[in-house]
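Novice: Let me begin by handing over the structure; questions about it come next.
Just so it is clear, none of the values below were taken in a lab; they were calculated from the coordinates. Every value quoted in this text rests on a predicted model; they were computed, and no experiment measured them. Here the Cβ is made from the backbone with ideal geometry for all residues, glycine too, and neighbour counts use every protein chain on show.
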Amino acid sequence: MILKVARLGHPALRRKASPVSRKLISSAGFQSFLKDLVETMHEYDGVGIAAPQVHLSLQVAAVEVNRNPRYPKAPRIPRLILINPRLKALSREKVLDWEGCLSVPGLRGRVPRWRSVEVQAYNAQGRAVRFRAGGFFARVIQHEWDHLQGRVYLDRMRDLKTLTHLEEYVRYWNVSGHAP
Ligand code: NI
């Protein structure tokens, strides 16, 4: 089932999400929600989506990149469910790059993010996982983690000078000429 995505201004995007109990993870209702979350991400060509974006204030996010028309140059990321994720920066250095968000349709902006992070979370089966992510993968995870804290990428921009509509992004910023 495709879920309705909250847009900027909806209070659901600004609440801090609650942690998920391991007991809930194995329930049929929660597993069916995970399916819907992934289906919604695919429907809108997202590279990630967080539960608060579909009006559920729980610490759950999905990430996947597989030939995405909104991000044609992005490296492939296998599908991943992150529950109660905790992030640790692995470098002091932050890198600037473009982000968009299904809850902020039609816009892109350059956002500073840690270059690499260590992630601890439960997966869709409720097993504890720990891994390192770098580059675009690390960026997507930090973006989704922010949603679980009630933040959007606009809050992280150093200023709004690169905030750009998609058409202008393609015309003036996307040097390779790919459609976003
Ligand atoms: Ni987003």
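Novice: Treating the angle as unsigned and between 0 and 90°, give the value, to the nearest 10°, between the Cα long axis of helix 28-43 and the longest Cα principal axis of the chain.
Specialist: In the chain, helix 28-43 runs at an angle near 10 degrees to the longest axis.
Novice: Which value at 222 nm does the chain reach when only helices count, each DSSP H run of 4 or more adding -39,500 (n - 2.57), with the total divided by all residues and rounded to the nearest 500 deg cm²/dmol?
Specialist: Rounded to the nearest 500, it is -6000 deg cm²/dmol.
Novice: Less than 25 Å apart at the alpha-carbon level, and either on another chain or at least 8 residues along: which lysines does that give for Lys35?
Specialist: Straight-line reach from Lys35, under 25 Å: Lys4, Lys16, Lys23.
Novice: What fraction of the DSSP beta bridges in region 1-99 is antiparallel, stated in percent and rounded to the nearest 5?
Specialist: Beta bridges within region 1-99, antiparallel portion: roughly 90 percent.
Novice: Which order do peptides 51-59, 124-132 fall in by mean Cβ count within 10 Å, highest first?
Specialist: Ranked by mean Cβ neighbours within 10 Å, highest first: 51-59, 124-132.
Novice: To check you understand DSSP bridge types, tell me what percent of the beta bridges within the chain (both residues inside) are antiparallel, rounded to 5.
Specialist: Just about 95 percent of them are antiparallel.
Novice: Let me make sure I get this right: for region 1-42, a, b and c are the square roots of the gyration tensor eigenvalues over alpha carbons, sorted descending. Under 1.5 in a/c it's rounded, otherwise prolate if a/b > b/c, else oblate. Which is it?
Specialist: Oblate, because a/c is 1.5 or more while a/b does not exceed b/c.
Novice: With angles folded into 0 to 90 degrees, how steeply does helix 135-148 sit against the dominant principal axis of the chain? Use alpha carbons for both and round to 10.
Specialist: 60
Novice: Next up: At 0.692 mPa s and 37 °C, plugging the Kirkwood radius over alpha-carbon pairs of region 21-104 into Stokes-Einstein gives what diffusion coefficient in µm²/s?
Specialist: The Stokes-Einstein estimate is 230 µm²/s.
Novice: Another question, if that's okay. What is the Cα coordinate range of the chain on the first, second and third principal axes, sorted by size from largest, in whole angstrom?
Specialist: 49, 36, 30
Novice: Using label points projected 7 Å from each Cα along Cα→Cβ, tell me how many nm separate Glu39 and Arg15, to one decimal.
Specialist: The modelled label-to-label distance comes out at 2.3 nm.
Novice: Determine the gain in length on full extension of the stretch Ser26-Arg127; use 0.36 nm per residue of separation and subtract their C-alpha separation, reporting nm with one decimal.
Specialist: That works out to 35.3 nm of additional length.
Novice: Here is a follow-up. Please give the net charge around Glu167, taking every other residue with its beta carbon less than 15 angstrom from that of Glu167, where Lys and Arg add +1 and Asp and Glu add -1.
Specialist: Within the 15 Å Cβ shell, the charges total +2.
Novice: Quickly rank 72-85, 97-110 as a protection proxy: mean count of other C-beta atoms within 10 Å, highest first.
Specialist: 97-110, 72-85
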